[in-house]
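Chemist: The structure that follows is given in the form of structure tokens.
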Amino acid sequence: SPPAAMAAAAWPELEAVARDRRREVALAGPAVAERVSAGGGRLPAELLALPLLQSLELSGCGALRELGPGLAAALPALHTLVLRDNALGPAGLGAGLGGPLRALRLLDLSGNGLEELPEELGGLGGPPQGPSEPSPAFPQLRSLNLCGNRLRELGPGLAKAAPQLQALLLSGNCLRTLPGGLLPPDPGPGGPFPLLSRLEVNDNEVEELGPDIAALTALKTLDVANNQLRELPAALADCPRLKEANFRGNQLKDKRLEKMVNGCQTKAILEYLRAGGRGKGKGESARDEARKKKREKQQKKDGGDGEQDELEEASKLLVKVLHVSDNPAPLVVKASPGIKDVRPFIVCCVLKGVNLKPGNALKRFLSAQTKLHEDICEKRTVATIATHDLQLIKAPLTYDVQPPDELKVTPLGRKEIKAKDLLRQLQLEADEQRKQKKRQNVSGLHKYLQLLDGKDNYPCLVDAEGVVISFPPITNSEKTKVRKETQDLFLEVTSDTSLQICKDVMDTLILKIAELNRFTLENKEDLGSHDEADALCEPLNLNPGQNAELLVVEQVRVVDTDGNLKVLYPSKTDLVTVSSLLTVIR
């Protein structure tokens with residue numbers, strides 16, 4: 001065969017996309033990496049012959065070192081481009097994107113080796129983005145993910161290249177200053193990034209958070225955890241919409257401020273900085289400093305240091321662990337042997353004492369679970385959470401596998417259906433969504449269909465009556481659905497990646513539920529006026545004597561068919577990762 005025919009035969013999935021005039025393609029896996037490597041570490045030429053393509057993902061391909069020429073010109077309709085966990089870089093993207101992508105809304109370049117931004121995104125070596133640039137290269141770009149690269153600085157051209165940017169994710173790089181070179185000297189009448197509401201720069205090397213951070217007037221969420229900050233600028237208090245900020249994992253000189261930071265008290269932090277707290281920029285007046293020293297001296301004389309320690313401990317959330325040995329009716333999950341080849345890892349526990357009845361408490365609870373699925377669970381690819389009303393569960397439970405045409409489940413909001421038919425129905429709904437011109441991405445359960453590709457058996461959690469109460473990673477059952485009246489929860493986290501990931505996700509889930517529970521108890525009158533996101537990070541004023549705020553976590557054992565222990569959660573080593581915010585009574 002001639003070389004062209006051989007090349008075409010090497011990419012049958014792209015032939016299918018062209019033949020069916022599909023607008024989405026996702027490539028991953030060892031076979032893709034081999035073919036990319038054989039093609040010189042670039043995108044296949046066949047990919048650039050799909051002008052209708054709107055969504056392209058090529059991830060986890062260590063052979064992909066550069067994109068090759070002509071991507072932008074070949075794919076003008078592209079609105080989603082995901083190129084995470086490849087080997088792009090360090091010098092940008094080789095030939096770059098090849099020009100502007102004016103329809104692009106989401107660009108994910110995370111987990112590569114980039115040391116500088118691509119030229120089209122205003123990289124330091126890129127073309128000037130001044131008055132000579134007639135229009136932005138990415139006028140529709142809303143989300144830019146550059147996490148897990150080796151970026152040391154950002155050029156000011158990004159603000160003009162992507163003026164509509166709403167989320168900028170920079171975690172796990174080597175940035176030293178913020179905003180640093182991100183802000184252009186001539187931002188224009190609307191200011192730089194007028195829509196940027198989410199900025200994540202955690203796990204970098206940031207030593208300075210500049211006062212010009214206040215120029216980001218739309219900022220709602222700021223994460224600069226685990227950096228090298230010694231002080232915070234008073235100008236943070238001038239960010240009019242900032243609701244959620246994470247400064248943990250820094251070595252702040254102001255110890256009072258550090259306590260607020262560790263308590264996730266965004267509102268209190270901003271008020272402290274606004275009042276002249278010792279953040280960089282304002283500082284306290286000599287009179288305030290003298291008064292403070294006098295107060296500290298008096299506190300020390302009266303034994304106030306001990307009181308302060310007590311207050312600090314009281315500001316934490318309280319969780320009591322009920323051990324299996326102290327539980328008259330401990331819940332047990334039996335794992336069948338077949339599960340190890342499908343989705344082998346599961347961690348469970350019971351959480352008692354939640355309050356979902358007032359106002360929007362249930363809505364915030366469900367929103368928090370969705371957020372965890374998107375973030376720490378990485379869109380359910382590494383782990384999946386399921387929450388159940390404990391009173392509706394018939395124990396004991398079995399974690400099992402069943403063939404797709406035998407597994408029956410009653411999904412949330414649907415009638416009972418076989419798993420095979422459910423996935424076919426969801427696929428049809430996803431195809432219908434794609435056909436709708438105004439619908440750019442599939443939503444809901446449709447996003448997770450590919451996670452079961454190639455499975456001969458599907459995982460499920462079955463109760464004592466043989467009813468499937470959970471079908472991970474797709475859905476749990478209407479039978480055990482959490483409602484406003486629910487007070488006791490059965491929590492389940494499953495993964496095909498590792499047991500530790502299950503435990504980390506469960507730790508975070510319990511912390512979030514504890515935060516939400518406190519927020520509900522403290523804000524009964526005006527629950528309806530708060531956003532769900534705000535509920536996760538509010539000033540903490542806990543009285544340890546208030547039993548209503550004490551959640552009880554009951555240990556749950558997962559055993560094999562012979563009764564041998566596989567995992568017990570929470571064990572002595574669990575919940576340690578959240579111990580700075582959670583007091584665990586064991």
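The values are calculated or read from the model by the stated rules, or taken from the named source; none is laboratory data. Just so you know, these numbers come straight off a predicted model, no measurement behind them. Note that we place each Cβ from the backbone using ideal geometry, even for glycine, and neighbour counts take in every protein chain shown. Note: accessible area is taken over every heavy atom of the protein model, side chains too, but ligands, DNA and RNA are not part of it. Shrake-Rupley method; radii C 1.70, N 1.55, O 1.52, S 1.80 Å.
Chemist: Cα centroid distance between region 34-78 and region 364-414, in Å?
Modeler: Region 34-78 and region 364-414 have Cα centres separated by 35 Å.
Chemist: Please say if region 200-240 is rounded, prolate or oblate, where rounded means a/c under 1.5 for a ≥ b ≥ c the square roots of the C-alpha gyration tensor eigenvalues, and otherwise the choice is prolate for a/b larger than b/c and oblate otherwise? Write out the running numbers ahead of the final one.
Modeler: Values: a/c = 2.49, a/b = 1.49, b/c = 1.67.
Because a/c hits 1.5 or more and a/b fails to exceed b/c, region 200-240 counts as oblate.
Chemist: Evaluate the distance, in nm, between pseudo-label points positioned 7 Å from the Cα of LEU451 and of THR561 along their respective Cα→Cβ axes.
Modeler: Going by the 7 Å Cα→Cβ label model, 2.7 nm.
Chemist: Pulled fully out, how much extra length does the chain show between GLU522 and LYS394, if you take 0.36 nm times their separation in residues and subtract their Cα-Cα distance?
Modeler: Numbers: separation 128, 0.36 × 128 = 46.08 nm, distance 3.36 nm.
Net length gain for the segment: 42.7 nm.
Chemist: Here is a follow-up. Pairs LYS352/LYS572; LYS363/LYS512; LYS357/LYS408: which exceed 23 Å Cα-Cα?
Modeler: Beyond 23 Å: LYS357/LYS408.
Chemist: Within the accessible area of region 10-104, what % is carbon and sulfur when the probe is 1.4 Å and the other protein chains stay in place?
Modeler: Values: 2160 of 3940 Å².
Of the solvent-accessible surface of region 10-104, carbon and sulfur hold 55 percent.
Chemist: So if we plug the beta-carbon distance of LYS420 and ARG152 into 1/(1 + (r/R0)^6) with R0 = 45 Å, what FRET efficiency do we get, rounded to 0.05?
Modeler: Values: r = 51 Å, r/R0 = 1.12.
Calculated transfer efficiency: 0.35.
Chemist: Same structure again: If I take R0 = 22 Å and measure r between the Cβ atoms of THR381 and GLU24 in this structure, what FRET efficiency does the formula 1/(1 + (r/R0)^6) give, to the nearest 0.05?
Modeler: On the way: r = 17 Å, r/R0 = 0.78.
Using R0 = 22 Å, I get an efficiency of 0.80.
Chemist: Given LYS479/LYS503; LYS243/LYS566; LYS253/LYS379, which pairs have Cα atoms separated by over 30 Å?
Modeler: Details: LYS479/LYS503 26 Å; LYS243/LYS566 42 Å; LYS253/LYS379 37 Å.
Beyond 30 Å: LYS243/LYS566; LYS253/LYS379.
Chemist: Using a basic spin-label model with each label point 7 Å from the Cα along Cα→Cβ, how many nm lie between ALA16 and GLU374?
Modeler: Placing both labels 7 Å along Cα→Cβ, they lie 3.0 nm apart.
Chemist: With the full set of protein chains in place, find how many percent of the accessible area of region 354-432 is carbon and sulfur; take the probe as 1.4 Å. Each step should come with its number before you reach the end.
Modeler: Details: 1940 of 3850 Å².
The C+S portion of the solvent-accessible surface of region 354-432 is 50 percent.
Chemist: Roll a 1.4 Å probe over the protein chains and send me the accessible area per residue for region 13-91 in Å². Don't skip to the answer; put the middle values down first.
Modeler: Values: 3430 Å² over 79 residues.
Computed with neighbouring chains in place, this is 43 Å² per residue.
Chemist: Ok, one more. Taking 0.36 nm per residue of separation and subtracting the Cα-Cα distance, what length does fully extending SER571 through ALA464 add? Please list the in-between numbers first.
Modeler: Details: separation 107, 0.36 × 107 = 38.52 nm, distance 2.55 nm.
Answer, rounded to one decimal: 36.0 nm.
Chemist: May I pose another question? Going by a ≥ b ≥ c, the root eigenvalues of the Cα gyration tensor, does region 41-82 fall in the rounded group (a/c under 1.5), the prolate group (a/b larger than b/c) or the oblate group? Please report the intermediate quantities before stating the final value.
Modeler: Working: a/c = 2.21, a/b = 1.43, b/c = 1.54.
Oblate is the answer for region 41-82, as a/c is 1.5 or above yet b/c matches or exceeds a/b.
Chemist: Also, quick follow-up: So, for region 159-273, what is the accessible surface per residue at a probe of 1.4 Å, expressed in square angstrom? Let's see the in-between values first.
Modeler: Values: 4390 Å² over 115 residues.
In whole numbers, region 159-273 has 38 Å² accessible per residue.
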